[in-house]
Amino acid sequence: MTHRTIFTDPDLAQFYELTPRDRADHTFCKELANGARSVLDLGCGTGELTVQLAEGRHVVGLDPAAAMLELAGKRQNGERVQWIQADARSFELGETFDLICLTGHSFQFFLTEEDQLAALKMIAKQLSPEGQFVFDTRNPNFPDRKTRCKEETLSQTQHPDLGAIESWNISEYDEVTQTLSFTNAYKQLETGEIFSAPSQIKYTTQDKVDQLLEEAGLYVETWLGEWTGEPYHATSREIIPIGRKA
Ligand SMILES: C[S@@+](CC[C@H](N)C(=O)[O-])C[C@H]1O[C@@H](n2cnc3c(N)ncnc32)[C@H](O)[C@@H]1O
C-alpha cells in the first residue's frame with residue numbers, strides 16, 4: 001500500500017473505531033482461541049481484538065499500516081501484544097501459531113487472486129501442525145445493493161477530540177471485477193474540515209475461496225455464513241472458512 005488510504009493516513013485511522021459496531025467476530029475468535037498457546041492476528045488494524053486475545057498467551061498483531069499500529073500500541077494492555085508492521089502477503093516471523101485470524105474483512109483488501117493466494121500461503125506456512133485459521137469475506141451473492149450514495153449513508157457521531165462529526169461513504173460496485181471502490185469521508189462540523197480517502201475491496205465467491213485455500217495447502221472444516229455461527233449458504237452475508245493445514 002503506497003498511496004494514502006483510510007488505514008495509512010493517521011488523520012483517517014483515528015476515525016476507524018468511531019462508529020460502535022457489534023463485533024460478533026471478536027466473541028467467536030476469543031472462543032476459538034481457547035486452548036491456543038499463540039495467536040497471529042493478520043490485518044489487526046487498531047488491535048481491538050488482538051489485545052483481548054493476548055491474556056495469558058503469546059499474540060502477534062500484524063498490519064502494514066503504521067497509523068493503525070500506532071493506535072493499537074496505545075490501547076489498554078497493548079504492551080501484551082507484539083506489534084509487527086508487515087504485509088500479510090509476505091512476511092517472516094520464524095515461528096508458527098496455534099490460531100491465525102483475519103477479521104474485519106481484511107481479506108478483501110487483497111485485490112487480486114495472486115495477492116489472496118500469497119496471503120493464504122503465508123497462513124499455511126505460519127500455522128502450527130494442529131493450528132487453526134479463520135477469516136471473513138463478504139459474500140458477493142448476498143442480496144444487498146453494494147453501490148451507495150452519500151445521502152444513504154450519512155450519519156453523525158461524536159469524536160473525543162474533534163467534537164461533532166458527520167460521516168458518509170460513497171461506493172460503486174463493479175460486477176465484472178467484483179471490486180467495490182469506495183470513499184469514506186468525515187467532516188468536522190465545527191471547522192468544516194473534511195477527511196477522506198478512496199479505497200477498494202475485492203469480493204470473492206465461496207467456490208473461488210475454496211479453490212485458493214486448497215491451492216495454498218489449507219483445508220476447511222467448517223464454513224460459516226455469519227460470525228454468530230449460522231452455516232454458510234449460497235446467499236449468506238459472510239463467507240467464513242475455519243480450517244487447518246492440509
Ligand atoms: C477493515 S480493517 C480490519 C482491522 C481489524 N482486523 C478489525 O477487525 O477491526 C482492514 C485492515 O487490513 C489491513 N490491510 C490492508 N492490506 C493489508 C495487507 N496487505 N496485509 C495485512 N493487512 C492489510 C489494513 O491496514 C487494515 O488495518
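The values are calculated or read from the model by the stated rules, or taken from the named source; none is laboratory data. Remember, predicted model here, so these are calculated numbers, not experimental data. For neighbour counting, all protein chains shown are included, and Cβ atoms are generated from backbone atoms with ideal geometry for every residue, glycine included. Surface accessibility is based on the protein's heavy atoms, side chains included, excluding ligands, DNA and RNA. Shrake-Rupley method; radii C 1.70, N 1.55, O 1.52, S 1.80 Å.
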- The distance between the Cα centres of segment 10-33 and segment 187-246, in whole Å, is 14
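Taking the Cα centre of segment 150-202 as the origin, how large is its charge dipole in debye, to the nearest 20, when only Lys and Arg (+1) and Asp and Glu (-1) carry charge on their Cβ atoms?
100
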- Whole-Hz ³J(HN,Hα) from phi, Karplus 6.51 cos²θ - 1.76 cosθ + 1.60, for segment 61-69, glycine and proline x: x, 10, 7, x, 8, 4, 5, 6, 5
- Query: Remind me, relative contact order of segment 60-164 in percent, using alpha carbon pairs under 8 angstrom and six or more residues apart?
  - Reply: 25
- Could you look at segment 88-228 and say what percent of its accessible area is carbon and sulfur, using a 1.4 Å probe and all protein chains? 46
- Local net charge near E215, Cβ-Cβ under 14 Å (Lys/Arg +1, Asp/Glu -1): -2
- Item | Where the chain is the region considered: accessible area per residue in Å², 1.4 Å probe | 49
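Per DSSP H run of n ≥ 4, the term is -39500 (n - 2.57); total these for the chain, divide by its residue number, and report the mean residue ellipticity at 222 nm rounded to 500 deg cm²/dmol.
Values: 7 runs with 56 residues, N = 246.
So the calculated ellipticity at 222 nm is -6000 deg cm²/dmol.
P(r) tail for the chain, what percent of Cα pairs lie past 27 Å?
Result for the distance tail: 35 percent.
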- Tally Lys and Arg at +1 and Asp and Glu at -1 over the other residues with C-beta under 12 Å from the C-beta of T177: what net charge comes out? -3
- To the nearest 20 debye, what is the magnitude of the charge dipole of the chain about its Cα centre, counting +1 on the Cβ of each Lys and Arg and -1 on the Cβ of each Asp and Glu? 240
- First select every other residue whose beta carbon is under 14 angstrom from the beta carbon of D161; then total the charges, Lys and Arg +1, Asp and Glu -1. -3
- Message: Report, in listed order, any pair from K74/K208; K30/K245; K30/K187; K125/K202; K30/K150 with a Cα-Cα distance greater than 26 Å.
- Response: K74/K208; K30/K187; K30/K150
- In percent, what relative contact order does segment 150-202 have, based on Cα pairs under 8 Å that are 6 or more apart in sequence? 28
